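S.K.: Here it is, the structure in full.
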Amino acid sequence: MDAITDAPVDVDTDVNMDVDHDVDVVVCGGGPVGLLLACELRLGGASVAVLERLTEIDTTIKAGAINSPSAQALYRRGFLPAIRAAQQQMMERVQALRGTGAPGTPGTPVKIPPKFAGHFAGIPLDAGLLDADDPAFADKGPADGLGLIAQAQLEEMLAERADELGVVTYRGREVTEFQEDAGGVTVHTSDGGVLRASWLVGCDGGRSRVRKLAGFDFPGTAPEITGHQALAEMTGTEGLKLGWHATDTGVYAYGPMPGRILTVEFDGTPRDRQSPVTEAELEASIRKVTGVDVTVTGIRSATRFTDNARQATTYRKGRVLLAGDAAHVHSPFGGQGLNLGIGDAMNLGWKLAATVRGTAPDGLLDTYTAERHPLGAWVLEWTRAQIAVMRPDRHARALRAVVGDLLGTVTGTTYFVKKISGVEQRYDLGEAGAHELAGASAPDLELADGTRLADHLHTGRALLLDLTGGAGDTGLRACAAGYEGGRLHVRTAVCPARADLAAVLVRPDGIVAWAADKGAAEPDGLSRSLDRWLGRRE
């Protein structure tokens with residue numbers, strides 16, 4: 001039986017070149033999405049240079065959690081210990097700060113619900129009403145329940161892995177212009193450098209320069225709110241209530257981390273999006289929305305946001321691609337932005353790497369937009385719906401009461417948690433009569449040898465699990481001949497909990513490409529799937 005420490009795809013780590021030298025892919029943007037994409041490209045055998053305008057990791061308060069697909073993706077790449085440590089660190093930090101007399105009862109332990117609950121439009125989802133036995137939550141493995149990790153922590157973790165894999169990251173540099181031709185892209189940087197690459201990917205945020213320079217269409221709906229989120233020192237907070245609350249003038253959230261405050265005003269967009277948030281600006285917003293005469297005495301971290309909701313009509317134009325906020329922007333409610341970007345990176349990385357290597361089947365790169373665009377469109381609609389429910393007008397407040405009643409039921413809470421947590425996400429692979437697992441995130445099967453399915457995805461290769469335990473000639477090995485090695489890892493195993501399954505083919509991004517039950521294994525179907533996703537056999 002193969003060991004789970006099989007050698008990863010052979011990648012050239014001798015890429016410490018000057019910025020003028022060629023690489024396969026230039027990634028513009030060194031946040032979590034850009035760094036994860038760079039790691040995936042390296043696992044797939046591509047050389048990568050990341051251009052990031054900031055000289056240091058941005059510690060501004062942003063996302064504080066990841067959803068189920070994101071946790072699963074990181075778990076499959078060996079980040080489980082790091083995610084656990086980050087979550088424990090965050091819990092201990094909140095516990096320690098709560099003991100200082102900040103929001104909450106001093107010394108009160110922080111209770112983390114067993115599954116992500118969250119909120120919809122500022123209406124809390126009670127984890128106690130969640131039907132944890134719903135099949136959508138099954139087979140998630142040890143990553144289930146993990147996800148409390150600050151965006152800066154995640155970026156630091158990915159930056160370390162990127163460095164280990166040989167990704168070249170240039171901080172303090174950004175794309176100023178580029179020219180595309182039949183052979184690649186010539187990228188000009190802010191320090192006067194020139195970098196020649198086969199592909200350019202914009203992961204440079206909602207105001208993406210790459211997107212604008214390439215001329216991607218970016219339609220959507222205009223913003224109507226001004227939001228603030230901050231970690232601040234404040235006095236006079238006794239009148240603030242912990243959690244989410246709707247008022248006559250907007251919505252606010254206080255805690256759970258001491259000093260954390262979020263306000264939403266419906267009087268239009270910010271007059272200034274560039275300069276730092278001042279104490280006076282934050283104080284005025286808090287007083288207006290909460291009605292409490294809070295005094296802001298200091299700001300540790302603060303940001304503004306709106307509900308601008310736009311999406312590129314395609315994620316690829318020639319040799320230029322988009323991922324993360326460069327491809328789609330929306331309000332932060334529900335924490336979908338970072339998670340959507342992580343999904344983009346996982347989907348694009350192996351496909352673009354295969355294209356670089358010349359092993360990609362025809363049309364593989366086109367499936368990136370085809371698979372990710374519908375999920376992005378759904379997130380935009382989901383955030384727009386929350387804005388409608390958060391408005392302070394009388395009609396919206398009536399709608400809010402109805403939604404609140406629904407969220408007070410087991411069925412309602414379970415529905416919303418499944419949507420927010422992403423456990424129901426799947427791709428339409430367009431195959432009639434395919435197995436029920438096809439297009440879904442692979443279940444984290446526990447194998448008889450003590451390993452789990454995710455343990456065999458660390459190297460970024462596709463995985464074919466023969467779950468017959470080697471009993472009889474299933475024809476699976478013959479189908480896999482010519483793919484094993486750099487593109488495919490084949491493993492024979494037994495899964496006592498899923499005795500019905502004969503075999504599962506998992507793409508490098510953790511999505512089931514093909515599966516068959518015992519007594520119905522179809523090697524011909526497997527051959528077609530291997531050819532479709534991995535290209536022709538060698």
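Matching residues to (1) out of contact with any Ser or Thr (no Cβ under 9 Å at 6 or more places or on another chain); (2) open to solvent by 30 Å² or more (accessible area, probe 1.4 Å); (3) among the hydroxyl-bearing types (Ser, Thr, Tyr):
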site	(1), (2), (3)
GLN274	yes, yes, no
GLU283	no, yes, no
PHE305	no, no, no
ARG310	no, yes, no
ARG319	no, yes, no
ALA327	no, no, no
SER331	no, no, yes
GLY334	no, no, no
ASP344	yes, no, no
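S.K.: Among all residue pairs at least 6 apart or on different chains, which show Cβ distances below 7 Å where the first residue, located in the range 478-500, is farther than 18 Å from HIS456 by Cα and the second is assigned to a loop (DSSP other than H, G, I, E, B)?
M.R.: The qualifying pairs are ALA481/ARG537; GLY482/ARG537; GLY482/GLU538; ASP500/LYS518.
S.K.: Quick one: which of GLU56, GLU52 is buried (at least 19 other Cβ atoms within 10 Å of the Cβ) and acidic (Asp, Glu)?
M.R.: GLU52
S.K.: Hey, another quick one. Hey, can you tell me all the residues within the range 28-58 that are of a type in the set (Asp, Glu) and either at pLDDT 95 or above or closer than 26 Å to LEU488 by Cα (or both)?
M.R.: Once the filter is applied, which keeps residues that are of a type in the set (Asp, Glu) and either at pLDDT 95 or above or closer than 26 Å to LEU488 by Cα (or both), the range 28-58 yields GLU40, GLU52.
S.K.: Considering ALA516, ALA520, ALA442, which residue is aliphatic (A, V, I, L, M) and free of Cβ contacts under 8 Å to residues at least 24 places away in the same chain?
M.R.: On the way: ALA516 fails: free of Cβ contacts under 8 Å to residues at least 24 places away in the same chain; ALA442 fails: free of Cβ contacts under 8 Å to residues at least 24 places away in the same chain.
That would be ALA520, the only listed residue that is aliphatic (A, V, I, L, M) and free of Cβ contacts under 8 Å to residues at least 24 places away in the same chain.
S.K.: If you check every pair at least six apart or on different chains, which have Cβ atoms under 6 Å apart with a residue in the range 323-337 that is farther than 13 Å from VAL33 by Cβ first and a residue that is aromatic (Phe, Trp, Tyr) and not in a loop (DSSP other than H, G, I, E, B) second?
M.R.: Filtered contacts from the range 323-337: PRO332/PHE305.
S.K.: Out of the range 465-491, which residues are within 26 Å of the chain's Cα centre (by Cα), more than 24 Å from ALA71 (Cβ to Cβ) and not in a loop (DSSP other than H, G, I, E, B)?
M.R.: Of everything in the range 465-491, just one residue is within 26 Å of the chain's Cα centre (by Cα), more than 24 Å from ALA71 (Cβ to Cβ) and not in a loop (DSSP other than H, G, I, E, B), namely LEU488.
S.K.: A further question follows. In this structure, is ASP466 open to solvent by 10 Å² or more (accessible area, probe 1.4 Å), closer than 24 Å to LEU41 by Cα and modelled with pLDDT of 90 or more?
M.R.: So ASP466 fails the test.
S.K.: If you check LYS212, LYS241, which single one turns out to be open to solvent by 50 Å² or more (accessible area, probe 1.4 Å) and farther than 23 Å from MET91 by Cα?
M.R.: Only one candidate passes the filter, namely LYS212.
S.K.: In addition: Looking only at the range 371-379, decide whether some residue is touching a helix residue (DSSP H, G or I) at 6+ places or on another chain (Cβ under 9 Å), within 30 Å of ARG537 (Cα to Cα) and touching a residue at least 24 places away in the same chain (Cβ under 8 Å).
M.R.: yes
S.K.: Sticking with this structure for a sec: Where residues in the range 398-441 are loosely packed, with under 13 Cβ neighbours inside 10 Å and acidic (Asp, Glu), which of them is nearest to the chain's Cα centre (by Cα)?
M.R.: Among those residues, the one meeting the criterion is ASP428.
S.K.: Another question about this same structure. Would you pick out the residues in the range 309-348 that are modelled with pLDDT under 95 and small (Gly, Ala, Ser)?
M.R.: The answer is SER331, GLY334, GLY335, GLY337.
S.K.: Within the range 351-385, can you find the residues that are more than 16 Å from THR314 (Cβ to Cβ), open to solvent by less than 20 Å² (accessible area, probe 1.4 Å) and out of contact with any Ser or Thr (no Cβ under 7 Å at 6 or more places or on another chain)?
M.R.: ALA353, ALA354, VAL379
S.K.: Under 6 Å by Cβ, and 6 or more places apart or on different chains, what pairs join a residue from the range 186-204 that is open to solvent by 30 Å² or more (accessible area, probe 1.4 Å) with one that is modelled with pLDDT of 95 or more and of a type in the set (Ser, Thr, Tyr)?
M.R.: Close Cβ pairs (under 6 Å, with a partner that is modelled with pLDDT of 95 or more and of a type in the set (Ser, Thr, Tyr)) amount to HIS188/THR176; SER190/THR176; ARG196/THR186.
S.K.: Within the range 141-183, which residues are in contact with an Asp or Glu (Cβ under 9 Å, 6 or more places away or on another chain), in a loop (DSSP other than H, G, I, E, B) and modelled with pLDDT of 90 or more?
M.R.: GLY166, GLY172, ARG173, GLU174
S.K.: Then there's this: Identify, by number, the condition in (1) open to solvent by 20 Å² or more (accessible area, probe 1.4 Å); (2) modelled with pLDDT of 95 or more; (3) over 30 Å from LEU80 (Cβ atoms) that GLY250 doesn't meet.
M.R.: Every listed condition holds for GLY250 apart from (1).
S.K.: Does the range 508-530 include one or more residues that are farther than 26 Å from ARG161 by Cβ, open to solvent by less than 60 Å² (accessible area, probe 1.4 Å) and among the β-branched types (Val, Ile, Thr)?
M.R.: no
S.K.: Which one of PRO142, PRO135 is more than 24 Å from VAL356 (Cα to Cα), without any contact (Cβ under 8 Å) to a residue 12 or more places away in the chain and surrounded by fewer than 16 Cβ atoms within 10 Å (Cβ to Cβ)?
M.R.: Residue meeting the stated conditions: PRO135.
S.K.: Still on this structure, please answer the following. Within the range 230-264, track down each residue that is charged (D, E, K, R) and within 28 Å of the chain's Cα centre (by Cα). Steps first, answer last, please.
M.R.: Step one: list which residues in the range 230-264 are charged (D, E, K, R), which gives 233, 238, 241, 248, 260.
Passing the criteria: only ARG260.
S.K.: Turning to a different aspect of this structure: Which of the residues spanning the range 408-444 are in a helix (DSSP H, G or I) and in contact with a helix residue (DSSP H, G or I) (Cβ under 6 Å, 6 or more places away or on another chain)?
M.R.: Listed by number, the residues that qualify are VAL410, GLY412, THR413, LYS418, SER421.
S.K.: To continue, here is another question. Do any residues in the range 27-42 that are within 9 Å of GLU155 (Cα to Cα) have Cβ atoms under 6 Å from those of residues that are outside any helix (DSSP H, G or I) and among the small types (Gly, Ala, Ser), where the two are at least six apart or on different chains, and which pairs are they?
M.R.: If the second residue must be outside any helix (DSSP H, G or I) and among the small types (Gly, Ala, Ser), the pairs left are VAL33/ALA323.
S.K.: Go through the residues of the range 204-223 one by one and say whether even a single one is out of contact with any strand residue (DSSP E or B) (no Cβ under 8 Å at 6 or more places or on another chain), among the small types (Gly, Ala, Ser) and closer than 17 Å to ASN308 by Cα.
M.R.: Checked against the condition, which is being out of contact with any strand residue (DSSP E or B) (no Cβ under 8 Å at 6 or more places or on another chain), among the small types (Gly, Ala, Ser) and closer than 17 Å to ASN308 by Cα, the range 204-223 yields at least one hit.
The values are calculated or read from the model by the stated rules, or taken from the named source; none is laboratory data. As the structure is a prediction and not an experimental result, all values here were calculated from the model. All Cβ positions, even for glycine, are placed from backbone atoms using ideal geometry, and neighbour counts span all protein chains on display. Side chains are part of the model used for accessible areas, which takes the heavy atoms of the whole protein and leaves out ligands, DNA and RNA. Shrake-Rupley method; radii C 1.70, N 1.55, O 1.52, S 1.80 Å.
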